Structures are given as structure tokens and as C-alpha cells.
Amino acid sequence: MGLDQGRPDQGPAVSVADLRVQRGGVEVLRSLSFDVPRGQVVGLLGPSGSGKSTLIRSIVGVQMHVTGRCEVLGLPAGSRELRRRVGYVTQEPAVYDDLTVRENLRYFAVTTGAGRRAVGRVLDQVDLRGQAARLVRSLSGGQHNRVSLAVALLADPELLVLDEPTVGLDPVLRRSLWRLFHDLAAAGVTLLVSSHVMDEASECDRLLLLREGELLADETGPSLLARTGTTDVGAAFLQIIDGASR
Amino acid sequence: MTGATRDSTTGITTIPPTPISHPRIVLATAGRVLAQLRHDPRTIVLLLGAPVMLNGLLAWILSDTPGAFDQWGAVLLGLFPLIIMFLITSVATLRERTGGTLERLMTMPVAKVDFLGGYALAFGLTATVQAVVVSAFTFSVFGLDVKGPVWAVLVVAVLDALLGTALGLFVSAFANSEFQAVQFFPALLLPQLLLCGLIAPRSTLPAPLEAVSAVLPLTYAMNAMQQLTTHATITDETWRDLAVLVAFIIGFLVVGATTLRRRTP
């Protein structure tokens, strides 16, 4: 390992160059190149089937058949050391629904090496202290998702990768989640958040627009709107596609 | 926990050599599996009640045939834990695979052996409780009488349960649904049951089948139990069976570990 690697405050959180992924003989990600700067909330936007989850899995290091460069916190994606520095929240909440919220967190506190004290902290962060003794199975969908998010927060990750964390949430909950994301970013955490809801672009410092495995945009929201002469990201998305097909 | 340390002044992270296993994670995993079981009282009742009920039924069926229950009751004491743990483990690990929790654990500093070890420990303990409860009923209430020591019967029953757990972990890799996982019982265990010498003594089998039965784990699991019913001491043959059983358990756990993938195709 070089001296400049593994330093928390140097270089982008994620650096991708000519990243390609084959699934079932089809190239689902085609030569993607972009950086995710540290301490920002970066939105990965695109319709379902655009390759968002595959890209997220590549960055977390659980995707096979990845070629090109994909570095996370200065290390190759999937490196053993990254397992304690990167938090990953899958689209489907990956927690044990036949355990209570607290039992889930206590277990994952051991497997992440976070220690028991982290349990109380993350319960407050996702606002589930009142539900700690309840079986996860008895929670609402939004609460269920937040248990999964709490697990990712246990280890105090430097990079938090979230696959569609706000899907199916009511606007109030969605707002409180985005507040949490911004608080985390203010504390120095880098967040990569995927969504198929274009509205959420306004919450992000930077945007990555993905469609059919290709990157349409990699810039800030205002810059995207100015470039396309549009007033919202949905229109900008259409503008880019129309411009490309003309 | 993993022993990775970061020097705060240089920012260099030192990673120790590949950790083989983390005892704390093994214990936590076993505790978590047992907690899931505790939240499911109906499964606990079935785990303990069904084998007791079946052994009682068998004792009743064979009550007019002298000596028959002594022979078959002990065999069932070994067979139940094996079948039940096989089914429970294959479904439980399949749920981990399909529910995303296994993928999540694989993105954490968890060794595959931690995961498997946790399951083996949790179900090994469960099997011990089951063996003690079922044996207590079978020996004292249903009047089972074996020549060998009772503790050895318990040891074989627990090893059989661990064999079931190891096989269940292994086959869950080849199933995409609970439907498929349960089908591995007739596909994988029933042929072994037919060949292990219970239906027909192995020496009477056609030569190719006898050769096949010699490499199947159930043959040794059942032979060990039969030896204990007919011999007052633990024979060399029983020790050999136990050694082979332990080797199969470790072997299937290791092969099972290779089926836990960190990456999605």
C-alpha cells in the first residue's frame, strides 16, 4: 500500500474510470468514468433498469465481471479493509425480521466491529428508539428500511452507499431522511444515494444521471439545468436524451 | 475486531494476515440464530415434541415384538436430529441468501467460517437439548434398552444433528427457493437411508451399491448407533464410524463455506 493511499481526507471517495460490467453476456454498464468527491451527497439518478444497482454493487465490491478501474477511498473496490469503512444499504432491507430492532443492531454491532455503544447512537440517528423492542416484522415499511439504514451507520462509515433509500416513504419521513444525510455529509461522510425519483436531485450536491448503462451527466444540479436550459432535472433528462437521438 | 489498525499520524492502515475466524462473531452469530429460534415458540415445540411423539408411537407399534424397539428406537434417536436439522438449516440459510442478510454480512469484516461456525454452534446446542429431551423420554418412559453407554448414544445423536446441519448448509447453495430446498431431502437423504444398511444389510447389496454406500455419511451415522445397541463397550468399529462422521461434518462445512459468495454474478 502506497503512502498516499488509505488517507481519509485525500482524493475522491470513489474514482471510476472505464468501468464496464457484463451480466449474462450483456454489457449493463458501458465505460463509466466519474469521481465522487468526499463529504458530498451525490445522487445517482436514473429510471429502473438503468444499471444503478449494478453500479452500486460494483462500488461496494460485491459485483462480479467488473472491468476497468474502480477505487473506493483510495483502495480497489471490494478490498478487505473497505468492509469496515463503507456502509451499504440494499434496496430490500437486509435485516432479520424475526428479531427485534435492538437484537438486529446488537448482532450487526459485533459483525461490523462497532461495539455495543453504537447501538444507542444509531437508534437516535434513524429515530427508532421507541421501536427498539419491537420485532422488525411488525414495523411499517419505512421503519423497516430505517433499521437497515441504522445497521449501515453502526460502523461510522466514511462512505455510505444507499440503494433507493427513500422509495415508498411518505414526504415527512423522506424529508427527515434527507436531513440525516446532510447531517452526515456535514460531519465528513460521503454519501452516494440512488433514486429513480428525479425530484430528489434538489437534495444532492452533485448528480450522476444514468440511462441504459451510460452516464448522461456528472455535474451539479444548477450546472445541469443551465447546460440544458431547463428548470427541473426530469426535463433536463429528457432534453439530453432527445438531444442525443436527434 | 478484525485487528486492522490505522496509524493516526500517517493514516496508514495495517491489515493483519487473512483472519481465519473471529470467535466473537461466531458466538454472536450463534446467539442471533438462537434468538430467532426463541422468537418462534412453535418451532421449539415441534423440535422437541415431534421426535418424542414419533418414538412413543414406534414403542407402541413394536410393543408386542420383544427386542424390536431396542433396535429401532436408538436408530430413530440418531435419525430424527439429522433430518430435522437438515431441513431447518437448509431453509434458514436459504432465507439468509435470498433475504440479503448474507450479502450484507459478506460486505462486513466477517469470515465465512464465522457464519458457518455460528450456525453449527447454535444448531449443535439445539440438537444437544433435543437429544437429551428425546432420550430422556425414550429411555425412561418408552423403556428403550441399549447395551452401550447412554452418553455415547447422545454423542452420536448430536453428531448426526451436526451432519444434518452441515449437509443443509451445503445444499442451500443449490436451491433458489424453500420449495427446492425441501426437495433435497428426498433427493439427497432418502437414497442414503435406503443404502445405509437399515433396509437391507449392506453385505447383501449388489456390489456397486455396496461400494457406493461405503462413501455415504449416513452409513456411518446409522452404523454407529446400531453398534451401540448391540455392544456393551465402544468398539473399534464405533470409533471409526465417529471419526468418519466428524470428518464428513468438517468436510461439508468447508465445502459449504466455498458456496458463500461475496459477489453477485
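The table below lists the values:
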quantity	calculated
Crossing angle, helix A:171-186 versus chain A [Cα axis fit, 0-90 degrees, rounded to tens]	90 degrees
Peptide ranges A:226-235, A:151-160 listed from the most packed, as the mean C-beta count within 10 angstrom indicates	A:151-160, A:226-235
Whole-number percent relative contact order across the range A:91-156, with pairs defined as alpha carbons under 8 Å at least 6 apart	48 percent
Inter-chain Cβ neighbour average for residues A:84-97, partner chain, 10 Å	4
Shape of chain A, Cα gyration tensor, a/c cut at 1.5	prolate
Of B:VAL33, B:PHE248, B:PRO186, farthest towards positive along the dipole that unit charges on Lys, Arg, Asp, Glu beta carbons give chain B	B:VAL33
Shape call, the protein assembly as shown: gyration tensor on alpha carbons, a/c limit 1.5	prolate
Local net charge near A:PHE34, Cβ-Cβ under 15 Å (Lys/Arg +1, Asp/Glu -1)	0
Averaged over B:104-117, number of beta-carbon atoms from partner chains that fall within 10 Å	5
Point-charge dipole on Cβ atoms (K/R +1, D/E -1) for the range B:20-258, about Cα centre, debye to 20	660 debye
Crossing angle, helix A:233-245 versus chain A [Cα axis fit, 0-90 degrees, rounded to tens]	40 degrees
Kyte-Doolittle mean at least 0.0, axial Cα span of 24 Å or more - DSSP H helices of chain B	B:41-61, B:68-98, B:112-136, B:150-171, B:236-258
For residues of B:161-168, the mean tally of beta carbons on other chains within 10 Å	0
Rounded, prolate or oblate (a/c below 1.5 giving rounded, otherwise prolate when a/b exceeds b/c) for the range A:145-207 by Cα gyration tensor	oblate
Cβ charges +1 (Lys, Arg) and -1 (Asp, Glu), total dipole of chain A, debye	720 debye
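Readers should treat all values here as calculations from the given coordinates under stated rules, not as data from a laboratory. From a predicted model like this one, the values you see are computed outputs, not experimental measurements. Cβ coordinates were reconstructed from backbone atoms using ideal geometry, including for glycine residues, and neighbour counts include every protein chain displayed.
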